[in-house]
Each structure stands twice: as C-alpha cells, then as structure tokens.
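Everything on this sheet refers to the single structure shown next.
The values are calculated or read from the model by the stated rules, or taken from the named source; none is laboratory data. What you are looking at is a predicted structure, and each value in this text was computed from that prediction instead of being measured. Here the Cβ positions follow ideal geometry from the backbone for every residue, glycine too, while neighbour counts run over all protein chains shown. Just the protein is used for accessible areas: all its heavy atoms, side chains included, with ligands, DNA and RNA removed. Shrake-Rupley method; radii C 1.70, N 1.55, O 1.52, S 1.80 Å.
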Amino acid sequence: MSTFILGIESSCDDTSAAVIKDGYLLSNVVASQAVHEAYGGVVPELASRAHQQNIVPVVHEALKRAGIDKDELSAIAFTRGPGLMGSLLVGVSFAKGLALSLGIPLVDVNHLTGHVLAHFIQVKGEEIELPRFPFLCLLVSGGNSQIILVKSYNEMEILGQTIDDAAGEAIDKCSKVMGLGYPGGPIIDKLARQGNPKAFAFSKPHIPGLDYSFSGLKTSFLYSLRNWVAEEPDFIEHHKADLAASLEATIVDILMDKLRKAAKQYDIKEVSVAGGVSANNGLRNAFREHAQKYGWKIFIPKFSYTTDNAAMIAITGYYKYLEKEFCPIDAPAYSRVSLQ
C-alpha cells in the first residue's frame, strides 16, 4: 500500500503545499506574497493574513495536481518552526484540523531540517543520485548560515553557524543600502554576473573554529559606500555591477573557506548546499570549482527547492512517518530553535 504525505509550509511569506508518494514528488504548489516588496522586508501581520487567504486553495491545488483525494493521505507533515509565529500558526492550525478530521497522524518538521533533506526529493523519470551519510551541508539563507554534519535523516550536528547576521541577511541589507530593492539576493546575483568581483575589497571576519560572522562585512560595505558616495554622488549608479560582484565574491569566499576547513577536519568528500542563498550563481560556481579542485562530490538543489517550499517538508515528513515519529495534536509552533 502506498504512502501519501501532504506537506504544508508557512514559516515566512510563502504558502506552500506538496504531496509525496513513497518518496516521489507528485506536486509542489507555492503562493508567494508580493505585498512585502513595498516595505523592503516581510511584514509579519500582512504575511499571516495572506497565509489565511492562500492555505485552502494551495492545499486544494496540491491534491488536485497529485491526482489524489484527501482521504488517501497517510499523514500530514507541517513546518512547526522556526519562523514567524503568526505565519506558522496558520499552517500548524490548518494541518492539525485536517489531520483530526481525517483521523491520520501529524508529523512536525523543523524548517531547517527540511532544507537539508530537500536533496532527497525524487521525481519519476528524473531520478537523481542522493547524498550518502555522513555528508556536509552548507545551509545558507536569509536567517541562517550553518555547516551541518548530516549523519542520517534524523541525526544532524551543527559544526559551525553565524554568531550574528546570516549571509542572506547581509546581502539583503547591502542591497537595501544601495537602493536596489527587496529581496536583494536575486538582484545582487543578476548584477554580479555583469561586474568585476575584484573591483572592491571589503573586510573579512577572523572568527575561530567553523563559525561565521557577517556583521563586520556589512559595516565595512556601508562605511566604504558612504565614503565613496561623499566623493562621487553617483558612485553607486556608476559602479553597482562591480559592487554587487565584489560583495558576492567576498561572501562566497567567507562561506567556502569555513566549509573547506570542515571537509578537511572531518575527512568528508560529499558536500551539499541548501537554503535560499544556494540559488546564488556565484556560490553554485564555487561549489563546482571546489568539486574539481578538492575531489568533492557535490549536491546542488534545483532552484525550486532552494526557497521555502512544501516539497522539502513532505519528504522530511515521509522519512519521519516511516519511523513512526508522530506529533501530538497539542504540540505548539516555535519561532526560534536550532536545527534538531
């Protein structure tokens, strides 16, 4: 008998639902919220309201595209945290209500674990090679920058993480300082392809061990820009491609330096990248270069699995379902927690 898992993701500003059948993805529907662009960042109250409007049609569409009825579902997996509490509560409440009405188990998923296990999503006719345990995962997003030792589906160890800003957060804030808009990641990525990555130099942190820090880089970028603009008012407009390329190159270099150290320290050759910043072309190219230079076997997710999506929640829920790791109906959402 087949196992069907409905995944629900609502941790930030994307409402998403996906259906997994025996480890294979049948559907993955995402409704994004453009309303936040005008504010230069996600507004929690607006996000939760949009989730309330989107959750029913998104789940309905996911089931429709999967070609199954809700009564065929084996369990419902949902993002329990971390994330914006108001947004999480919409998905958590809906998942609990639907599971209760269908009399099927609930599976809670850590959002960060979902990003890591996105590498295990399979599609019929498009099968990919899966990472072998143990492997390293560089998880980089707007809220997280972590190096994770993945020992199994349910055993992961954080080897290093940011002590202040995350890489994605630094990119977004630098983009905002340049007046480029929100979200900054895709804008910086596009501009960087046209610029010289060695045009400008910014300070790099000297943090011991495998931890990251990006607040110093952000400050260096801000102060340098302020000085350059004071001398040349149109400096940003004249040099934005080079600024984007130099910023991206600095961040990628910081990320890869610690990842190299972790790979050498733990003698691991299978290395993956996950999270929203894994969509960045500069970071993807750096992974390919390291694969050639250091003999790594690399795993880079499809672009559709880099941002928040329910497919990663559903596949994580599938593996937890096989181990009968179910969630009680009264389990609360949580806004902050490290990877478990």
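In terms of modelled amide H atoms, which long-range or inter-chain residues lie less than 5 Å from the amide H of residue 121?
Close amide H contacts, sequence-distant or interchain: none at all.
Loop only by DSSP, 14 or fewer other Cβ within 10 Å of the Cβ. Give me the chymotrypsin sites (Phe, Trp or Tyr not before Pro) in the range 105-156 that pass, ordered by residue number.
On the way: sites: 120, 135, 153; in loops: 153.
For chymotrypsin sites (Phe, Trp or Tyr not before Pro) across the range 105-156 that sit outside H, G, I, E and B with at most 14 neighbouring Cβ atoms in 10 Å, the list is empty.
List the relative contact order of the range 258-340 as a percent without decimals, with contacts defined as Cα pairs under 8 Å and 6+ residues apart.
Details: 45 pairs, mean separation 21.9, N = 83.
After rounding, I find 26 percent.
By how many degrees, 0 to 90 and rounded to 10, does the Cα axis of helix 215-231 deviate from the longest principal axis of the chain?
Here the helix axis deviates by roughly 40 degrees.
With log10 I(q)/I(0) by the Debye sum over Cα atoms at q = 0.08, 0.09, 0.14 Å⁻¹ as the read-out, I listed (i) -0.37, -0.47, -1.22; (ii) -0.38, -0.49, -1.11; (iii) -0.58, -0.70, -1.16; which label goes with the value calculated from this structure?
Checking each listed value against the structure points to (ii).
Under the Karplus relation 6.51 cos²θ - 1.76 cosθ + 1.60, θ = phi - 60°, what is the ordered set of whole-Hz ³J(HN,Hα) values for the range 181-193, x standing for Gly and Pro?
Using θ = phi - 60°, the values come out as x, 10, x, x, x, x, 5, 4, 4, 5, 5, 4, 5 Hz.
List the residues whose amide H sits under 5 Å from the amide H of residue 159, counting only those 5 or more places along or on another chain, with H placed 1.01 Å from N in the peptide plane.
147, 148, 149
Enumerate the amide H contacts of residue 107 below 5 Å, restricted to partners 5 or more residues apart or on another chain; note that Pro and chain-start residues carry no placed amide H.
76, 77, 78, 327
If you take the square roots of the eigenvalues of the alpha-carbon gyration tensor of the range 114-187 and sort them as a ≥ b ≥ c, do you get rounded (a/c under 1.5), prolate (a/b over b/c) or oblate? Don't skip to the answer; put the middle values down first.
Details: a/c = 4.22, a/b = 1.62, b/c = 2.60.
Oblate, because a/c is 1.5 or more while a/b does not exceed b/c.
Listed here are the pairs 151/264; 124/293; 258/324; 198/261; 269/324; which of them are more than 26 Å apart at the Cα? Provide the component values of the computation, followed by the final result.
Working: 151/264 17 Å; 124/293 33 Å; 258/324 36 Å; 198/261 24 Å; 269/324 31 Å.
Over 26 Å apart, Cα to Cα: 124/293; 258/324; 269/324.
Please figure out what share of the DSSP beta bridges in the range 2-149 is antiparallel and state it in percent, rounded to the nearest 5.
Details: 18 of 28 bridges.
Roughly 65 percent of the DSSP beta bridges within the range 2-149 come out antiparallel.
Could you give the accessible area per residue of the range 1-122, probe 1.4 Å, as a whole number in Å²? Provide the component values of the computation, followed by the final result.
Working: 4570 Å² over 122 residues.
On a per-residue basis, the range 1-122 sits at 37 Å².
List, in order, the whole-Hz ³J(HN,Hα) value for each residue of the range 86-92 obtained from phi through the Karplus relation with A = 6.51, B = -1.76, C = 1.60 and θ = phi - 60°; use x for Gly and Pro.
Whole-Hz 3J(HN,Hα) from phi for the range 86-92: x, 5, 4, 4, 5, x, 4.
Divide by every residue of the chain the summed helix terms, -39500 (n - 2.57) for each DSSP H run of at least 4, and state the resulting mean residue ellipticity at 222 nm, rounded to the nearest 500 deg cm²/dmol. Each step should come with its number before you reach the end.
Details: 9 runs with 143 residues, N = 340.
Mean residue ellipticity at 222 nm (helix-derived): -14000 deg cm²/dmol.
With a 1.4 Å probe and all protein chains left in place, how much accessible area per residue does the range 213-309 have, in Å²? Walk me through the numbers before you get to the answer.
Numbers: 4430 Å² over 97 residues.
Heavy-atom accessible area per residue stands at 46 Å².
I'd like the antiparallel share, as a percent to the nearest 5, of DSSP beta bridges with both residues in the chain. Could you put the intermediate results ahead of the total?
Working: 25 of 43 bridges.
Counting DSSP beta bridges with both partners in the chain, the antiparallel share is about 60 percent.
Indicate, rounded to the nearest 5 percent, the antiparallel portion of the DSSP beta bridges found entirely in the range 74-197.
On the way: 12 of 17 bridges.
Roughly 70 percent of the DSSP beta bridges within the range 74-197 come out antiparallel.
Hey, what do the phi angles of the range 265-277 turn into as Karplus ³J(HN,Hα) couplings, whole Hz, using 6.51/-1.76/1.60 and θ = phi - 60°, x for Gly and Pro?
Once θ is set to phi - 60°, the couplings for the range 265-277 become 5, 9, 6, 10, 10, 9, 9, 10, 9, 8, x, x, 6 Hz.
Taking the highest mean first, how do the peptides 326-334, 6-14, 214-222 order by number of other beta carbon atoms within 10 angstrom per residue?
Highest-to-lowest ranking by the protection proxy: 6-14, 214-222, 326-334.
Provide the packing ranking of 17-29, 291-303, i.e. peptides ordered by the mean count of other C-beta atoms within 10 Å per residue, highest first.
17-29, 291-303
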